[in-house]
Structure formats: structure tokens, C-alpha cells
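The values are calculated or read from the model by the stated rules, or taken from the named source; none is laboratory data. Just so you know, these numbers come straight off a predicted model, no measurement behind them. So basically every Cβ, Gly included, is an ideal-geometry build from the backbone, and we count neighbours across all protein chains shown.
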Amino acid sequence: MKNKYIASFEQAQIAGKEIPDFRAGDTLRLAVTITEGEKSRVQNYEGVCIAVRGEGVSKTITVRKIGANGVGIERIFPIYSDSLEKIEVLRRGRVRRAKLFYLRDLAGKAARIKELRK
């Protein structure tokens, strides 16, 4: 049972943000605000969503991309964080799992996800 003040505060945070409908297997482009000293800029982070967990304000997504020299990079983003400017769905993936942790062991063409056709 949550405190009613905390619940109303969380609802206000959720109401202020527009989140597209996505799930694990989708390719996302996230606009992340990076603050360096007094300056701040927006940097895009593009990768495959491999996990969605939590609910409400504490909902997080894990996004995996392949960096330089084929090294996999995973970042966990709180969806309702102020540092996350925008979420854009680039491709819908056709997968049969809610968590795609098996992609960590795959490389190259084996790690591809089929696109969902409508």
C-alpha cells in the first residue's frame, strides 16, 4: 500500500512524458541528455531493447548496441528519467521472449532479429 502523496507525485511524473509503445526485440533510438560541467547536449543511443522491467515510475529498459571492434554495450535507462529526452521506435522485432539475454552470447549475423511484418 503506497502513501497517497507518493502515488500522486508518481502520477504527475508519468503524465508529463510521452512514451511510445515498444517491447523487447524492438530497435530504439534514445535521445539522452549528457551534462559535462556547465554544458549539456543531447546524444542519441541506438540499439535493441533486450528487457523491460518494473512498472510505474521505476520502469526501466535495457538497450544493447554493438560498439567499436564488435564489443557489446548495454545500458539501463529509467523510462521516466529527466535525462531521457525522447524514445523513437525504429524497427519492430519478431521475438518469442520477453527477455533477450541470449543475444549476449551471439555475434554477427546470428544476433540479428527478424522484423515484424504487419
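Is it true that Ala24 is touching a Cys at 6+ places or on another chain (Cβ under 7 Å), in contact (Cβ under 8 Å) with a residue 60 or more places away in the chain and either not in a strand (DSSP E or B) or not aliphatic (A, V, I, L, M) (or both)? Yes, satisfied.
When the residues of segment 65-90 are filtered to those that are in contact (Cβ under 8 Å) with a residue 24 or more places away in the chain, within 23 Å of Lys17 (Cβ to Cβ) and in contact with a Gly (Cβ under 9 Å, 6 or more places away or on another chain), the one that is surrounded by the fewest Cβ atoms within 10 Å (Cβ to Cβ) is Arg75. Within segment 47-64, being without any contact (Cβ under 8 Å) to a residue 60 or more places away in the chain and of a type in the set (A, V, I, L, M) holds for Ile50, Ala51, Val52, Val57, Ile61, Val63. Every test in (1) over 14 Å from the mean Cα position of the chain (by Cα); (2) outside any strand (DSSP E or B); (3) in contact (Cβ under 8 Å) with a residue 40 or more places away in the chain is passed by Arg96 save one, and that test is (3). Within segment 27-46, the residues that satisfy the criterion of being within 17 Å of Leu90 (Cβ to Cβ) and without any contact (Cβ under 8 Å) to a residue 24 or more places away in the chain are Gln43, Asn44. Count of segment 41-72 residues, restricted to those that are assigned to a loop (DSSP other than H, G, I, E, B) and farther than 23 Å from Ser8 by Cα, is 2. If the condition is being farther than 14 Å from Ala111 by Cβ and of a type in the set (Gly, Ala, Ser), then segment 55-70 contributes Gly56, Ser58, Ala68. Inspect segment 99-115 for any residue being surrounded by 11 or more Cβ atoms within 10 Å (Cβ to Cβ) and either part of a strand (DSSP E or B) or polar (S, T, N, Q) (or both) and give the result as yes or no. Yes, because at least one residue in segment 99-115 is surrounded by 11 or more Cβ atoms within 10 Å (Cβ to Cβ) and either part of a strand (DSSP E or B) or polar (S, T, N, Q) (or both).
Per-residue answers, yes or no, for (1) exposed (fewer than 11 other Cβ atoms within 10 Å of the Cβ); (2) modelled with pLDDT of 95 or more:
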residue	(1), (2)
Lys4	yes, no
Phe9	no, no
Gly16	yes, no
Ala31	no, yes
Gly37	yes, no
Val42	no, yes
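The one condition from (1) loosely packed, with under 10 Cβ neighbours inside 10 Å; (2) within 30 Å of Lys118 (Cα to Cα); (3) of a type in the set (Gly, Ala, Ser) that Gly54 does not meet is (1).
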